[in-house]
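Please treat every number below as a calculation from the coordinates, not as lab data. Note that the coordinates shown come from a computational prediction; the quantities given were computed from them, not determined experimentally. No Cβ is skipped: glycine too gets one built from the backbone with ideal geometry, and neighbour counts run over all protein chains shown.
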Amino acid sequence: MLEVQRRLTALRDTSGNGRPLYERVAHELAEAIRLGELQPGERLPSVRQLATDVGLSVTTVMSVYTLLADSGLVYGEAGRGTFVSETPKGDNNLHAPRAAEHTTARQGSAWRRLVLAQTEARLKQSFPSADDVMRGGPDLRLLPLDVIRQAFQDVSSRLQAHDLEYPSTLSIEPQLAQALSGKLLADGLHVDADDMLVASSTQQFLALLAMLLRQRSQDEPVLVAIEEPGYQTAMDTFEVHGLGLVPMRLDQCGATVDGLRAALESGVAAVFLTPRAQSPTGCSWTAERRQALADVLASYPDVWIIEDDHFAEASTSHPGSLYADTRLRDRVVYLRSFSKSIAPDLRLSVAVARPPIRYSLMISKSFTDGWTSRTSQRVLAAVLADPRTENALLHARTEYARRRTAVREAILSMGASQGLDLSIPEVGPDGLHVWVTLPRGCDADRVAEAAAQRGFLLAAGQPFFATPGNQRHLRLNAGAIAPEAAPKVATVIHDAIVSVLGQPTALLTP
């Protein structure tokens, strides 16, 4: 293993003609398995150990092991480690095909969620007193708890036995359709109840859409355009279902027109867009950007358009929806969820789609979990209709905006005072997150480790990209940080960066 590690260390300092480092490392290990340098049943170093020994980031090594496992070359045993499989020596084919330039297609992989979950678990175990601001959840104190309690009581008090039987239709509950219609209209969506469909989550809708896209393309490779950096769960969900990812560049107003056009020209079957509070950057469309994107999409009539409006109720932005454009309406799937604003545990998301996409979604859902609880739908309807909810949402919008501003200004002020080259999106940030670009040569995994030692758990940004390798970003949940704590967070980030920049660069990932 020592000779193999020596070659892996050498790979770190080469360009590989643009090939991602994790793929080059994985291929080197696969070759070692084929040649018998690594024997069947041999235990490989832990992720942390190999990262330290070879000078790679933890995220890169996790991606390497995931790719090798997807290819059947290694396997993991809980609590024991990663082992070389009983693989024929001639078989070292790594299943990471490139469907198009700057595209990934890794069926069965969900490395981003795995990286975030394992990193959080490790940091929590090592630094149990650190404040966790790496997760993307809402501040539970800003959820309308009293309204939700009352809604459950009111709905349950009116339950009849027939309300608990199998439904005869998958149609949305009339109360929920009525409660949503005004909110959708305020965002420019003129929607009939017949065009709404309820699922357990946006993730379920994404999985269903991925399956439909695969069926629609028959045996051809399926590509979907995604924002980069972007929503890691959407990327994992698409890849798990065998779709390739084509990244679209972002600016302060979301996906750029040039980025969208380039993705469309590469042959994507669908585009995934976030109109406001984009995760992880917080950017939102302007009306002008929405129109420009619509004009480009109008020339590609076979491309499906998926809109993820995950922060609608708690957002301060109102960019509208592509569903409002009559040229596009028949192929837009608009998704609106309530986890960030009402409660994650209600597990409800609503899709707005026209036939035949809505019909296909309904049929596909009927073969997964059948239907989404009508009782839960009625509870959400009661919450949305309660006048106290709007007061709670107004408070949440104001508070989240105050926290984002406080954290952003504190980090930038601290960076400027110390001469650090930090940047954060400037125009119209929304949502829960603050996205920080670190100085060049500063490894985000190591900054996150140093910040955890100083009391805050932050997410390194690599899992928010289509492929591993980007080590210059941090995501933190500003929505979980009280304004008075913002200077402390900024100081921790500053001290963590300085500590990393002051260390030898041997562990920096290209």
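With K and R counted +1 and D and E -1, the other residues having a Cβ less than 14 Å from that of residue 449 yield a net charge of +1. The residue list 349, 407, 248 was ranked by how far each Cα lies along the charge dipole of the chain toward its positive end, using unit charges on Cβ atoms, and 407 comes out on top. Dipole of the chain computed with +1 at Lys/Arg Cβ and -1 at Asp/Glu Cβ about the Cα centre; of 469, 30, 482, farthest Cα towards the positive end is 482.
Relative to the current alpha-carbon distance between residue 327 and residue 150, full extension at 0.36 nm per residue lengthens the span by 59.5 nm. For residue 302 and residue 390, a Förster radius of 35 Å and the Cβ-Cβ distance give a FRET efficiency of 0.30, rounded to the nearest 0.05. A simple charge model with +1 on the Cβ of Lys and Arg, -1 on the Cβ of Asp and Glu and nothing else charged puts the dipole of the chain at about 500 debye relative to its Cα centre. Please state the shape class of region 317-364: rounded when a/c is under 1.5, otherwise prolate if a/b exceeds b/c and oblate if not, all from the C-alpha gyration tensor. Oblate, since a/c reaches 1.5 and b/c is not below a/b. Overall, the anisotropy analysis places region 269-403 in the oblate class: the square-rooted eigenvalues a ≥ b ≥ c of its C-alpha gyration tensor yield a/c not less than 1.5, with a/b not exceeding b/c. Charge tally around residue 426: other residues with Cβ under 14 Å, Lys/Arg +1 each, Asp/Glu -1 each, net -1. Ordering 363, 322, 335 by the projection of their Cα atoms onto the charge dipole of the chain, which places +1 on the Cβ of Lys and Arg and -1 on the Cβ of Asp and Glu, puts 335 at the extreme positive end. Would you mind classifying region 197-355 by shape? Square roots of the alpha carbon gyration tensor eigenvalues, ordered a ≥ b ≥ c; an a/c under 1.5 is rounded, otherwise it is prolate if a/b is larger than b/c and oblate if not. Rounded shape, in that the Cα axes give a/c under 1.5. Working from label points 7 Å from Cα in the Cα-to-Cβ sense, the residue 163 to residue 10 distance is 7.1 nm. For the chain, the antiparallel share of DSSP beta bridges with both residues in that region comes to about 55%. Estimated from helical segments only, the mean residue ellipticity of the chain at 222 nm is -13000 deg cm²/dmol, where each DSSP H run of four or more residues counts as -39500 (n - 2.57). A simple charge model with +1 on the Cβ of Lys and Arg, -1 on the Cβ of Asp and Glu and nothing else charged puts the dipole of region 324-467 at about 600 debye relative to its Cα centre. On the beta carbon distance between residue 498 and residue 122, with R0 = 22 Å, the FRET formula returns roughly 0.40.
Under the convention that each Lys and Arg Cβ holds +1 and each Asp and Glu Cβ holds -1, the size of the dipole of region 302-342 around its Cα centre is about 60 debye.
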